[in-house]
1. Counting only residues that are within 12 Å of Ala273 (Cβ to Cβ) and not β-branched (Val, Ile, Thr), which one in region 234-260 is farthest from the chain's Cα centre (by Cα)?
2. Go through region 269-318 and count every residue that is touching an Asp or Glu at 6+ places or on another chain (Cβ under 7 Å) and within 22 Å of Arg139 (Cα to Cα).
3. Could you please give the count of residues in region 94-113 that are crowded, with 18+ Cβ neighbours inside 10 Å and polar (S, T, N, Q)?
4. Does any residue in region 220-234 that is in the same structural domain as Trp252 (by TED's automatic domain parsing) come within less than 8 Å, Cβ to Cβ, of a residue that is part of a helix (DSSP H, G or I) and exposed (fewer than 14 other Cβ atoms within 10 Å of the Cβ) six or more places away or on a different chain, and which pairs are these?
5. Considering region 243-277 alone, what residues qualify as being in contact with a Cys (Cβ under 8 Å, 6 or more places away or on another chain), near the ligand (Cβ under 9 Å from one of its atoms) and not β-branched (Val, Ile, Thr)?
6. Given the condition within 30 Å of Met125 (Cα to Cα), modelled with pLDDT under 95, in contact with a Gly (Cβ under 6 Å, 6 or more places away or on another chain) and buried (at least 22 other Cβ atoms within 10 Å of the Cβ), answer yes or no: does some residue in region 214-228 qualify?
7. I'd like the full set of residues that are in contact with a Leu (Cβ under 9 Å, 6 or more places away or on another chain) and more than 16 Å from Leu322 (Cα to Cα), limited to region 266-308.
8. Among all residue pairs at least 6 apart or on different chains, which show Cβ distances below 9 Å where the first residue, located in region 275-295, is among the polar types (S, T, N, Q) and the second is in a helix (DSSP H, G or I) and more than 6 Å from the ligand (Cβ to nearest atom)?
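The values are calculated or read from the model by the stated rules, or taken from the named source; none is laboratory data. From a predicted model like this one, the values you see are computed outputs, not experimental measurements. Virtual Cβ from ideal backbone geometry, glycine too; neighbours counted across all protein chains shown.
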Amino acid sequence: MQENRGVWVYIEQNEGKIEGVSLELLGAGRKLADKLEVPLAGVILGDSIRHLSDEVIYHGADEIYVIEHSVLKQYRTESYMKGVIQLAEAYKPEIFLYGATPNGKDVASAVATDLSTGLTADTTMLDVDVEKRLLEASRPAFGGNIMATILCKKHRPQMATVRPKVMKALPRDSSRKGRVIEEKMDLREEEMRTKVLEIVKDVTKPGLADAHIIVCGGKGMGDERGFQLIHELADVMGAGVGGTRDVVEAGWIGHDHQIGQTGETVTPKIYFAIGLSGAIQHLVGMKNSETIIAINKDPHAPIFGVSTYGIVGDAHEIVPLLIKQFKEAFKKGGEKTHA
Ligand SMILES: Cc1cc2nc3c(=O)[nH]c(=O)nc-3n(C[C@H](O)[C@H](O)[C@H](O)COP(=O)(O)OP(=O)(O)OC[C@H]3O[C@@H](n4cnc5c(N)ncnc54)[C@H](O)[C@@H]3O)c2cc1C
């Protein structure tokens, strides 16, 4: 266990494009590696993906491990886990981070099982105990009522999946230099247990995760009719619409609009939090938004603790006034910021 050194980030790529969460993890990984005084490395697998190495280094890595193979053209658990395990066994990292995306979670759990190590899923905070060289991976637990910090004391690497949009990527620095380590892998297509026959892309509208402005409403909107004000305000600005779990459960809006621990994590430029209390399970999904504007009739509502601007008052009076003001402003020549 003592021989394990270094912080690794699994770099997820799809069709030659690096997933945003991987760059965010390089930002988080950089801090951990600096504290531990070890290199930060990326791990990337795929077909014809070597050119992505530079981007990984520009975003904070000191090294990147690359496995290129035609069998790795599309993600499959079997081939990708084999590649990651081969690297982890050869180079022995002490910490290994993955994005909590469908493929990231899939490969991380398979790798953890094979290496007989622990995996903290859906982490929202990362730190390290330098003296004990222990990763402190925190996530909501027991129904979201507490934040639990989970340690993996006896096995290496210490692994965690981290939700997209929770950590911050470092600014791209194209003057950074790093080491590229290319590894060979013995893979044969005919030995693969699964075949990719066809890829069907989901062409539904982009999720809330990409919206620049989000208007989110809570139970304080009263009922489904009252919640229409949230849609109206969002429409005026071309914003996305979000809801708390309580309004989703009440059927005022669909689950794909839910923001929070069991919904989406979002980081828009502007987040309107209207008629919602700011429960911890909601906050974990939106607290990193750039500007938070809260409207609540209770001056002690927890949402005011994270908001940039707060308006204490009745949403049913304030929101129509905002709609009117924004409409007039846009009529005078302003443009909608399309979310
Ligand atoms: C395991 C677990 C997972 C969860 N996951 C999520 C999740 O992903 N997302 C999520 O949102 N929640 C989640 N929850 C639920 C969460 O704990 C809260 O219950 C929920 O966020 C509260 O929703 P709310 O703010 O709409 O309602 P409330 O907490 O009831 O708040 C309503 C707010 O509206 C204000 N208000 C009332 N009338 C007006 C008015 N006329 N004008 C202005 N303000 C008004 C009130 O002062 C109050 O602050 C989860 C809970 C658990 C246990």
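1. Gly243
2. Total satisfying the criteria: 1.
3. The number of residues fulfilling the criteria is 2.
4. Going by the 8 Å Cβ cut-off, the qualifying pairs are Leu229/Pro320.
5. Matches in region 243-277: Gly243, Ala273, Leu276.
6. no
7. Residues satisfying the conditions are Val266, Pro268, His282, Ala301, Pro302, Ile303, Gly305, Val306.
8. What qualifies is Ser277/Pro302; Ser277/Ile303.
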